[in-house]
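Worksheet: one structure, shown below.
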Amino acid sequence: MDGSLSEHLARLDLERRRLKEIVARLSVQEVATVSVVEGWTVKDVLAHVAIWDRWELEQMRCMLYGRVPEHLTDDGVDSRNEAAVEEWRDRPVAEVLREIDDARDEWLRWLVTLTEQEFAKPRTFHGEDWSFSACVRVQWEHDREHAEQIVQADSNAR
């Protein structure tokens with residue numbers, strides 16, 4: 001999806017609202033216990049989503065200042081995910097729900113400071129598209145993917 005920053009922000013908002021609406025239909029107990037993927041509960045998935053918003057902000061800041069973003073191997077992504085989710089596992093649901101909002105809000109506050117020119121600038125590293133539009137697209141697709149997984153897991157749990 002090529003497009004303006006405002007179009008990308010609108011899609012981020014839409015997919016995050018959908019995710020949060022799905023989660024809002026669950027009780028706190030369900031958020032803490034319903035298994036979604038690979039032994040992760042809804043709460044774990046939400047912590048993972050928040051962590052990736054923070055990671056994306058870090059990577060985009062690096063690129064803005066001309067530094068190469070951190071590239072992770074598949075093994076690196078998996079271990080990064082596990083370590084991050086484990087860090088949040090014992091925290092209360094309310095804290096994870098705050099973090100998913102705080103992480104996204106911090107990233108959005110930064111994104112809106114970009115000019116359209118900076119947002120649209122092509123960025124390629126190791127043959128991969130790391131344009132900011134591609135980075136943002138990955139995040140809203142990430143929200144959508146996990147929202148669908150939560151719906152499926154909740155349906156299976158009932």
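When region 34-52 is filtered for residues that are over 14 Å from V96 (Cα atoms) and either touching a strand residue (DSSP E or B) at 6+ places or on another chain (Cβ under 7 Å) or not small (G, A, S) (or both), the ones remaining, listed by number, are V34, S35, V36, V37, E38.
For the subset of region 112-130 comprising residues that are hydrophobic (A, V, I, L, M, F, W, C) and surrounded by 14 or more Cβ atoms within 10 Å (Cβ to Cβ), which member is nearest to D2 (Cα to Cα)?
A120
The sole residue among E58, E86, E95, E21 that is under 30 Å from R158 (Cβ atoms), surrounded by fewer than 19 Cβ atoms within 10 Å (Cβ to Cβ) and modelled with pLDDT under 95 is E86.
How many residues are out of contact with any His (no Cβ under 6 Å at 6 or more places or on another chain) and crowded, with 19+ Cβ neighbours inside 10 Å if we restrict to region 27-48?
Counting residues in region 27-48 that are out of contact with any His (no Cβ under 6 Å at 6 or more places or on another chain) and crowded, with 19+ Cβ neighbours inside 10 Å gives 12.
For A153, the test of being within 24 Å of V31 (Cα to Cα) and at pLDDT below 95 is passed. I need the full set of residues from region 131-140 which are of a type outside the set (G, A, S) and surrounded by fewer than 19 Cβ atoms within 10 Å (Cβ to Cβ), in order please. Passing the criteria: R137, V138.
Within region 141-152, the residues that satisfy the criterion of being over 10 Å from R18 (Cβ atoms) and buried (at least 20 other Cβ atoms within 10 Å of the Cβ) are H146, I150. Criterion applied to A50, A103, A32 was being in contact (Cβ under 8 Å) with a residue 24 or more places away in the chain and under 16 Å from A153 (Cβ atoms), and the one residue passing it is A32.
The values are calculated or read from the model by the stated rules, or taken from the named source; none is laboratory data. Given the structure is predicted, the values throughout are model-derived calculations rather than measurements. No Cβ is skipped: glycine too gets one built from the backbone with ideal geometry, and neighbour counts run over all protein chains shown.
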